[in-house]
Amino acid sequence: MSTRTRPASGATSLAEMREFASFSKGTQRYIRRSLDVGLARRDAVKRWSRDPAEAAGIRAQERIYRRLDPIRAAIPDDSGLEAMEPLMAPLITMTAFDLGQDRLPCFASYRFLYERLIGAAVRPWLPGAFCAASALPHLHPDRRRTLLQSISEAAATAPGWSNREPVFFPEWVEKVDTAVAN
């Protein structure tokens with residue numbers, strides 16, 4: 001008799017979809033846009049910008065997200081101080097940028113995005129990067145408080161992390177004209 005040690009990918013996808021659906025529409029939009037930028041899925045400026053200011057914000061995000069490949073390469077196999085330094089500085093900088101956009105209101109939305117941008121191996125490092133970036137002075141004190149209070153004790157003190165890669169990567173969905181679809 002065999003036992004299953006991990007959920008079927010369909011159940012995992014549904015759980016990840018449910019989590020994504022729990023975020024506000026603005027957060028969902030920012031996550032999809034960020035995945036387009038970070039994973040180079042399509043022209044994010046063309047797809048997402050509604051005005052020149054938003055186009056400039058996406059271009060700034062593209063510059064910040066150039067750190068993604070070095071961050072992925074710098075994820076250490078252990079938790080030694082020497083091994084973490086090349087990872088944490090660019091990860092905190094990128095996190096500070098995203099939190100400064102005021103579209104990721106909590107640790108859960110941040111974790112959801114960064115697991116997809118970087119991969120499962122970054123999970124142990126996300127609470128530290130999130131807390132460090134949330135405490136930086138570029139954020140309003142009320143925002144810093146809200147962000148820091150959003151990380152649960154369980155997330156901050158987890159004894160271990162799953163190495164299962166995310167399976168649901170939300171994308172842009174074209175609006176369907178229901179009058180034509182029927």
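Hey, does the range 23-44 have a residue that's within 25 Å of A156 (Cα to Cα) and outside any helix (DSSP H, G or I)? First the steps, then the outcome.
Quick first cut of the range 23-44, residues within 25 Å of A156 (Cα to Cα) only: 23-24, 27-28, 30-31, 34-35.
Subsequent filtering for residues that are outside any helix (DSSP H, G or I) retains 23-24.
Within the range 23-44 (the criterion being within 25 Å of A156 (Cα to Cα) and outside any helix (DSSP H, G or I)), the answer is yes, since at least one residue qualifies.
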All but one of (1) surrounded by 15 or more Cβ atoms within 10 Å (Cβ to Cβ); (2) farther than 22 Å from A135 by Cβ; (3) in contact with a Pro (Cβ under 9 Å, 6 or more places away or on another chain); (4) modelled with pLDDT of 95 or more hold for P70; which doesn't?
(1)
Residues in the range 54-104 that are of a type in the set (G, A, S) and either in contact with a Lys or Arg (Cβ under 7 Å, 6 or more places away or on another chain) or in contact (Cβ under 8 Å) with a residue 24 or more places away in the chain (or both): how many?
5
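With respect to E165, determine if the residue is at pLDDT below 95 and in contact with a Gly (Cβ under 7 Å, 6 or more places away or on another chain).
Details: at pLDDT below 95: yes; in contact with a Gly (Cβ under 7 Å, 6 or more places away or on another chain): yes.
Yes, satisfied.
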Considering only the range 94-103, I want to know if a residue exists there that is closer than 22 Å to F168 by Cβ and among the aromatic types (F, W, Y).
no
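The values are calculated or read from the model by the stated rules, or taken from the named source; none is laboratory data. Quick caveat: nothing in here was measured; it's all calculated off a predicted structure. In this analysis, Cβ positions are derived from the backbone assuming ideal geometry, glycine residues included, and neighbour counts consider all displayed protein chains.
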